[in-house]
């Protein structure tokens with residue numbers, strides 16, 4: 001008994017640290033979502049029951065946020081996933097002459113802060129910037145990306161793919177690396193190449209791991225508040241505002257902590273479902 | 001059937017187009033940061049000189065360093081014992097932790113930032129750098145513990161047993177045998193946390209308000225919102241270049257060890 005307590009001491013330290021700074025706020029989010037808490041009544045908020053949630057589902061803007069979140073997932077996730085898969089297969093396919101450079105460039109986006117990336121891209125598309133001049137020549141009319149709803153949606157989606165595809169590639173590479181080389185070599189000897197090699201040999205072996213990658217990309221896309229804030233700020237109006245961004249504007253800008261918490265709970269439930277799927281899929285590694 | 005060579009060439013081209021789209025804006029930004037006109041390239045260090053002599057920006061830089069270094073350093077005492085147990089002991093709890101910890105980063109804790117904000121307002125950690133450090137380090141602690149455990153597991157147990165047979169005490173065992181052997185893991189995780197914390201602004205955007213405690217990423221984000229309507233673009237570009245430099249340098253130096261962590 002004593003020994004088993006002693007051999008869990010470190011874990012206990014870690015978990016209590018995690019609980020204090022992450023767990024307690026996460027749990028009390030549920031309580032805050034039932035109150036009208038704001039800066040002026042921090043210690044004694046009024047209990048409102050489900051009012052925030054009723055307001056949430058009956059609000060037009062929230063429904064739009066939800067739909068746009070789905071739209072984002074529907075467009076960004078498949079493209080990111082496929083790009084990650086193609087690049088990973090490409091980088092994994094033996095001898096390539098630019099491979100070291102390619103793999104270095106793949107990790108660099110992770111090192112580059114989103115703000116810096118947004119700073120540089122937004123300039124290119126700003127009125128008078130090189131890309132918007134080019135677009136004007138191609139389209140024949142000036143397109144103001146940041147005030148045009150469709151333009152800013154497409155702009156946001158392209159950028160999200162750009163920043164998440166390298167990460168998807170890394171995940172997929174680690175999934176692919178679990179396939180033993182000998183299996184692939186044996187299949188090659190039997191005449192399996194290219195797409196048939198992938199479909200009949202590699203895919204069945206890493207199906208579960210690819211599903212994990214897919215769930216990770218979905219989670220990152222739904223929760224991508226930082227990237228969206230940096231690229232479009234949710235605008236124009238609230239055209240590119242997802243739920244995560246809405247939570248930020250509601251909570252941080254307008255100090256509607258109670259309402260922001262109820263959006264947070266909504267997102268947390270989505271995250272919980274996705275995470276449960278992950279846990280079921282993940283074998284002990 | 002399309003010949004294999006052509007497919008490969010196509011994918012290569014696609015890949016490098018993708019990378020070009022990623023690299024071109026940053027290259028452009030770097031070039032323009034040496035200029036004083038919005039769209040024309042010239043070469044002057046004026047932006048950088050005025051930036052590095054402005055106490056405001058130096059303060060942002062200092063805050064960012066404090067938060068990133070603090071979050072990375074706190075991981076070692078908090079996570080190392082746990083990492084050791086994950087690698088060396090066996091129980092149901094530890095088996096569960098081994099299964100869950102690698103995915104702890106996938107939990108989108110940005111969702112609870114409102115709640116953290118309320119807590120920090122109540123207990124007085126709001127608008128302090130230490131509060132930021134606590135949140136960042138707690139967020140990545142399980143993952144870092146798991147990284148440590150993979151490195152510890154790769155050490156043969158025999159080394160520790162041999163040292164103990166030769167009369168090596170527990171403390172000495174840890175500090176003279178185990179720690180030096182897992183140094184790549186420790187440093188890799190340190191740099192990994194540092195870069196992550198350095199680059200993130202959303203946590204600071206929630207938890208920091210006053211000008212003197214703003215971190216660099218947050219300052220750039222604030223600049224981003226008003227700068228596009230004109231103004232000191234080139235100055236902001238120079239600030240961005242300075243902002244990118246520390247993570248880039250760290251990454252280039254410790255590349256091998258970080259890639260081991262990224263491709264886990």
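Computed from the coordinates by the stated procedures, all read-outs in this text should not be read as laboratory data. Since the structure is predicted, the reported quantities are computational estimates derived from the model, not experimental observations. Here Cβ is always computed from backbone atoms with ideal geometry, including for glycine, and neighbour counts include all displayed protein chains.
A few points about this structure:
- Two-decimal ratio, the range A:176-285, of alpha-carbon radius of gyration to 2.2 N^0.38 Å: 1.58
- Listed by Cβ neighbour count within 10 Å, with the fewest neighbours leading, B:261, B:244 appear as B:261, B:244.
- Per-residue mean of foreign Cβ neighbours for B:210-223 is 2 (Cβ atoms of other chains, 10 Å radius).
- Relative contact order [Cα under 8 Å, 6+ residues apart], the range B:88-170, whole percent: 42
- Acute angle (nearest 10 degrees) that the helix B:129-153 long axis makes with the longest principal axis of chain B, alpha-carbon atoms: 50
- Between residue B:62 and residue B:41, the distance separating the two model label sites (each 7 Å from Cα on the Cα→Cβ line) works out to 3.6 nm.
- Interatomic Cα distance distribution for chain A, bins of 5 angstrom, percent: 1, 5, 9, 12, 13, 13, 13, 11, 10, 7, 4, 2, 1, 0, 0, 0
- Relative contact order (%) - chain B, alpha-carbon pairs under 8 angstrom, separation at least six: 29
- Look at the alpha carbon pairs under 8 Å that are at least 6 residues apart: their mean separation over the length of the range A:1-126 gives a relative contact order of 9 percent.
- Computed [θ] at 222 nm, deg cm²/dmol, chain B (DSSP H ≥ 4; -39,500 (n - 2.57); rounded to nearest 500): -23500 deg cm²/dmol
- The range B:158-264: C-alpha gyration tensor shape, a/c 1.5 cut-off, then a/b vs b/c: prolate
- Chain A: most fluctuating residue of A:136, A:59, A:185 per GNM, C-alpha cutoff 10 Å: A:185
- Fewest-first ranking of B:168, B:79, A:9, using other Cβ atoms within 10 Å as the exposure measure: A:9, B:168, B:79
- Taking Cα atoms only, the orientation of helix B:55-88 departs from the longest principal axis of chain B by about 20 degrees.
- Helix B:233-253 vs. chain B, principal-axis angle (Cα, 0 to 90°, nearest 10): 20
- Every Cα-Cα pair of the protein assembly as shown was included, and the share exceeding 32 Å stands at 49 percent.
- Alpha carbon centroid spacing (whole Å) that separates the range A:176-231 from the range B:186-210: 29
- Note on residue A:277 and residue A:40: the model spin-label points, each 7 Å out from Cα along the C-beta direction, lie 4.3 nm apart.
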